[in-house]
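Below you'll find the structure, written out as structure tokens, and then a few comments.
The values are calculated or read from the model by the stated rules, or taken from the named source; none is laboratory data. As the structure is a prediction and not an experimental result, all values here were calculated from the model. Every residue, glycine as well, gets a Cβ built from its backbone with ideal geometry; the counts of neighbours run over all protein chains shown. Heads up: the accessible areas ignore ligands, DNA and RNA and are worked out on the full protein's heavy atoms, side chains in. Shrake-Rupley method; radii C 1.70, N 1.55, O 1.52, S 1.80 Å.
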Amino acid sequence: MREVETRGVAASTEPGWAFIADAVSSGDHVGVRSLANVIDSAAFLTAASGVTLAAEMALDETYRSLLMRRHAVPEGEKHWHALAWSSSSTVPKVFDGGSGRWGATVKAGGGSLGADISLNADWTASLAVSGATTDTKSTGNVSRIRGEATSAVVTAMVIRRFSSSELTLAASAGRSQLEATQRVNKHILHTEPEIESGALSAIWQGGCSLGRFSFDPYVMAGVRSAKLKKGEINDNRVETGVAGTGFVNSTGRRLWAEAEAGAGLSAEFSLFGADITPRALLGVRAAAGDREWKVKSCLNGAAACDEAVFASVPKVSGRAALGVNIARRDRVPVMTGGFLGFGARQDGDKTEPRAWMLDLAVSYERGSDSQKSKGVSLVFRQLF
């Protein structure tokens, strides 16, 4: 709001205007550059808080976790799966302007529940419903901002299985409810925006046997989109109780492309009838297009507006992961009769397949803007 900062707003009591007036007269800043940070962090609260960045990071981790696992199942089988993950991230630069940059710390977690259904010998269909939450705190040269987000996502996939590889085509749609609060200069600023997101992706995962070891390359590419909605920022002047919409944030629809390539190395051995597969993975991802949030903020009901850019998707990032996969497949007798399993008897010589899989992994990722994330994930899949 740099045009407004130079105007005579000291007498204004309207939300937004009153915040700027109090910021100018507060004396808790040093120079125009510091004042700019005080005003920018409030006027662009939807993105300045880091909640938009955090919500996208959570959506990305959920989506990527779903795509990176193997989906194909034997012909005629149906498997349900559950996925859970947790991560912590440090983002040094959410914004760089005014008297300096500020960033955010993000704690996030999520889960998915879905099914993989064989269509025939070559094709499998998969559907998953996912949710994620984030908790965000600002860091650096900015008045403390707290934020949180809750996201829901639906992902549909079709998988083509080949002799030693599989190709997955995926489409995803999600919505995130965000919330951020800042207390500064006896004002409480609060916003509850939403993000609508979507993704179309393809991933090829291969495998090459090297004796007891396996070399598993992968290539993934896709297009992502995001749109911010309901960007009103409420300004509550604590001393007078005057409250209302002070600023309104808006953005265009972002559209960007991502590509990732990497490889894993694994070894397999058997223990107590289960196949144990420890593995290591390295990958590099690049993004191009509308990687950042370009936000326009206007004083509510006025023509005074300003624009700023906030971090979102890093241009390049590298990822390393270590994990172990535990799987078992055998046949068990078919049982009939009884109640809740009690008193059941074997139905002749009939048997049926039994299969389950447990996958555990820890990961570390670093982006070109010095973003750092570490996380842990768990996937369980079972025949039903």
Quiz prompt | Top-ranked residue in the range 47-102 [being among the β-branched types (Val, Ile, Thr) and under 30 Å from Ala125 (Cβ atoms); ranked as nearest to the chain's Cα centre (by Cα)] | solution = Thr62
Exercise. Tell me which residues, restricted to the range 24-65, are at pLDDT below 85 and of a type in the set (Gly, Ala, Ser).
Key: Ser25, Ser26, Gly27, Gly31, Ser34, Ala36
Exercise. Determine, yes or no, whether Glu196 is in a strand (DSSP E or B), under 21 Å from Gly16 (Cα atoms) and modelled with pLDDT of 95 or more.
Key: no
Practice problem: State which residue pairs qualify: first residue among the aromatic types (Phe, Trp, Tyr) and inside the range 205-218, second residue modelled with pLDDT under 95 in any location, beta carbons under 6 Å apart, and separation of 6 or more residues or different chains. | Solution: Phe213/Ala267; Phe215/Cys208
Exercise. Might you let me know whether the range 82-94 holds any residue that is at pLDDT 95 or above, more than 24 Å from Gly367 (Cα to Cα), in a strand (DSSP E or B) and open to solvent by 20 Å² or more (accessible area, probe 1.4 Å)?
Key: yes
Quiz item: In the list Val154, Val238, which residue meets the criterion of being surrounded by fewer than 16 Cβ atoms within 10 Å (Cβ to Cβ) and closer than 18 Å to Ala58 by Cβ?
Solution: Val154
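Somewhere in the range 212-229, is a residue within 28 Å of Trp17 (Cα to Cα) and in contact with a Leu (Cβ under 6 Å, 6 or more places away or on another chain)?
Taking every residue of the range 212-229 in turn, none turns out to be within 28 Å of Trp17 (Cα to Cα) and in contact with a Leu (Cβ under 6 Å, 6 or more places away or on another chain).
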Self-check item: Residue that is farthest from the chain's Cα centre (by Cα), among those in the range 226-246 that are hydrophobic (A, V, I, L, M, F, W, C) and within 17 Å of Val51 (Cα to Cα)
Solution: Ile233
Quiz item: Within the range 335-356, which residues are open to solvent by 30 Å² or more (accessible area, probe 1.4 Å), in a strand (DSSP E or B) and not acidic (Asp, Glu)?
Solution: Met335, Thr336, Phe339, Phe342, Arg345, Gln346, Gly348, Lys350, Thr351, Pro353, Arg354, Trp356
Self-check item: Filtered residue count, the range 101-129, keeping only those that are within 24 Å of Gly367 (Cβ to Cβ), at pLDDT below 95 and either open to solvent by 20 Å² or more (accessible area, probe 1.4 Å) or in a loop (DSSP other than H, G, I, E, B) (or both)
Solution: 1
Practice problem: Starting from the range 366-384, keep only residues that are aliphatic (A, V, I, L, M), then list their pairs with residues that are open to solvent by less than 50 Å² (accessible area, probe 1.4 Å) and outside any strand (DSSP E or B) whose Cβ atoms are within a distance under 7 Å, requiring at least 6 positions of separation or different chains. | Solution: Val379/Arg69; Leu383/Glu77
Practice problem: Could you tell me which residue of the range 157-188 is surrounded by the fewest Cβ atoms within 10 Å (Cβ to Cβ), considering only residues that are of a type in the set (S, T, N, Q) and closer than 16 Å to Gly131 by Cβ? | Solution: Gln177
Quiz item: Are any residues in the range 206-235 farther than 30 Å from Ala321 by Cβ and either open to solvent by less than 50 Å² (accessible area, probe 1.4 Å) or not in a strand (DSSP E or B) (or both), and if so, which ones?
Solution: Leu228, Lys230, Gly231, Ile233, Asp235
Self-check item: Complete set of residues in the range 291-304 that are open to solvent by 40 Å² or more (accessible area, probe 1.4 Å), at negative phi and not charged (D, E, K, R)
Solution: Asn300, Ala303
